[in-house]
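FYI, it's all coordinate maths here, none of it is from the lab. A quick note: this is a predicted structure, and the numbers were derived from the prediction, not measured. Counting neighbours? That spans all protein chains shown, and the Cβs are built from the backbone with ideal geometry, glycine included.
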Amino acid sequence: MAGIVDTVKNTIAENVGGAGHNLASKDQQFSLSEVPDVSGKVAVVTGGTAGIGYACVRTLLANNISKVFIISSSKDSYDEAHKSLVEDLGEAAAGKTTYMECDLSDWPNVAKTADKIADQTDRIDIVINDAGRGIMTYQLTDYGVDRHMAVNHFGHVILTSHLLPVLKSTAEKGNTVRLVGLGSNAHQGTPSDCKFASLEELNQDLGPNGQYGRSKLAVMLYHRYLAKHLTSSHSKILSNSVHPGFVDTKMSQDDIHEPYPVAGYAMSVGMKPFKKSQWEGATSALYCATKTEKSGEYVCPPAIPEAGSKMAQDEDLGEALMALTKKVVKEKMFSGSVQQGCPFSFY
Ligand SMILES: NC(=O)c1ccc[n+]([C@@H]2O[C@H](COP(=O)([O-])OP(=O)(O)OC[C@H]3O[C@@H](n4cnc5c(N)ncnc54)[C@H](OP(=O)(O)O)[C@@H]3O)[C@@H](O)[C@H]2O)c1
């Protein structure tokens with residue numbers, strides 16, 4: 001009976017806003033007021049212009065981070081974010097952000113953006129892979145890859161891979177480096193026959209929930225893969241994924257109406273009183289970005305480690321995903337650079 005009660009409490013804490021976080025057990029509590037001082041550190045936050053990513057950026061700045069590189073696809077969203085940061089924290093804090101305009105589905109540009117970041121800093125302590133395509137209809141990129149996977153998974157793999165040399169050197173100087181991927185409990189919507197066996201399989205139209213859920217499963221498998229292959233050789237590089245909860249952002253307010261013009265109101269309006277704010281939604285990401293000493297976990301709000309689905313725990317599926325990732329990236333974009341030591345071979 002106690003087990004069932006704890007499960008119910010955790011489900012509310014992990015997904016619902018308001019006082020939900022209070023239901024987590026004492027050792028799994030965390031709040032933004034507990035984010036430690038991050039003076040001297042440097043972060044990269046994809047999607048740092050809005051929603052959960054913005055809440056991460058704002059909190060890191062409020063805790064004295066030295067520099068934050070923000071990646072998003074539209075300069076307008078950065079201008080809006082910058083304005084809020086100036087109003088809220090002042091020019092000096094807002095001036096610690098460097099904007100890099102880059103659509104994560106544009107892989108050559110992602111690689112260039114990572115290289116430009118590496119040219120501008122000799123350390124990166126935090127990477128929050130937050131940007132994402134939400135529950136939306138199936139689309140192929142012009143180079144023929146499912147857009148959910150292209151943005152949510154492949155773009156972040158290319159970014160993180162190209163940052164690896166600076167991440168490793170940061171860790172080798174004795175600093176803890178924390179990598180965080182925004183997964184989602186929606187990963188449970190991945191069809192059970194998902195094998196990550198071929199590009200043809202990736203390019204099947206699974207419907208908005210399946211498409212999104214599978215890309216979030218990929219984020220979780222990738223961050224566990226990094227824990228297995230990277231933390232094992234570089235113990236100071238930690239890699240975890242998180243669920244932010246059911247959060248009131250553009251994704252759940254507007255984007256949901258693209259696939260579900262009418263039924264989407266159940267989520268955008270009907271569920272509004274139960275959703276977490278962007279600040280509550282940033283709690284698990286900031287816990288993993290600034291506090292955890294563990295690697296390979298899937299953390300739900302406020303700081304509750306969960307196993308995730310059977311597929312999310314399947315190491316062989318993670319290996320298959322990453323073998324396919326390397327193959328697709330090589331075929332589509334980087335056949336030259338893989339031969340010349342593309343960071344994919346650095347693990
Ligand atoms: N909201 C939820 O309930 C919920 C639940 C579970 C998981 N998540 C995950 O949490 C993460 C953040 O979601 P959110 O709710 O905060 O979303 P959001 O408010 O819509 O913010 C998305 C951010 O990602 C950027 N972005 C979107 N597409 C991009 C692309 N192709 N290339 C580069 N940047 C891109 C956006 O900036 P631009 O417009 O400038 O590109 C924006 O900064 C996502 O990974 C999402 O899957 C959210």
Legend entry - Ser33-Glu201 pseudo-label distance in nm [points 7 Å out on the Cα-to-Cβ vector]: 4.8
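Let me have the 222 nm mean residue ellipticity of the chain computed from DSSP H runs of 4+ only, each contributing -39500 (n - 2.57), with the sum over all residues rounded to the nearest 500.
Numbers: 13 runs with 135 residues, N = 347.
Dividing the helical sum by the residues of the chain leaves -11500 deg cm²/dmol.
Within the chain, which complete DSSP H helices have Cα atoms spanning at least 18 Å along the helix axis and a mean Kyte-Doolittle hydropathy of 0.5 or higher?
Details: long enough: 2-15 (20 Å, 0.09); 75-89 (20 Å, -1.19); 107-120 (20 Å, -0.78); 156-172 (22 Å, 0.68); 208-226 (27 Å, -0.57); 315-329 (21 Å, 0.39).
Result, helices passing both filters: 156-172.
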Inset, instruction - Assuming a ≥ b ≥ c are the square roots of the Cα gyration tensor eigenvalues, decide whether the range 31-334 counts as rounded (a/c under 1.5), prolate (otherwise, with a/b larger than b/c) or oblate. - result: rounded
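To make sure I understand, if each residue's beta carbon is the centre and we count other beta carbons within 10 Å, what order do Tyr143, Tyr78, Tyr54 fall in, fewest to most? Mind showing how you got there, number by number?
Numbers: Tyr143 13, Tyr78 21, Tyr54 26.
Arranged by neighbour count, lowest to highest, Tyr143, Tyr78, Tyr54 become Tyr143, Tyr78, Tyr54.
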Inset, instruction - Just rank Phe154, Phe196, fewest to most, by other beta-carbon atoms within 10 angstrom. - result: Phe196, Phe154
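If you count the DSSP beta bridges with both ends in the chain, what percent of them are antiparallel, to the nearest 5?
Working: 5 of 32 bridges.
Of the beta bridges lying entirely in the chain, close to 15 percent run antiparallel.
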Legend entry - Cβ-based exposure ranking for Ser73, Ser284, Ser232, in which fewest neighbours within 10 Å come first: Ser232, Ser73, Ser284
Inset, instruction - Mind listing the long-range amide H neighbours of Leu238? Cut-off is under 5 Å, sequence gap 5 or more, other chains count too, H placed in the peptide plane at 1.01 Å from N. - result: Val177, Arg178, Leu179
Legend entry - Gaussian network model of the chain, Cα within-10 Å springs - most flexible of Leu226, Leu202, Leu140: Leu140
Legend entry - Alpha-carbon centroids, the range 280-301 and the range 206-228: separation in whole Å: 17
Legend entry - Overall form of the range 13-74 per C-alpha gyration tensor (a/c, 1.5; a/b vs b/c): oblate
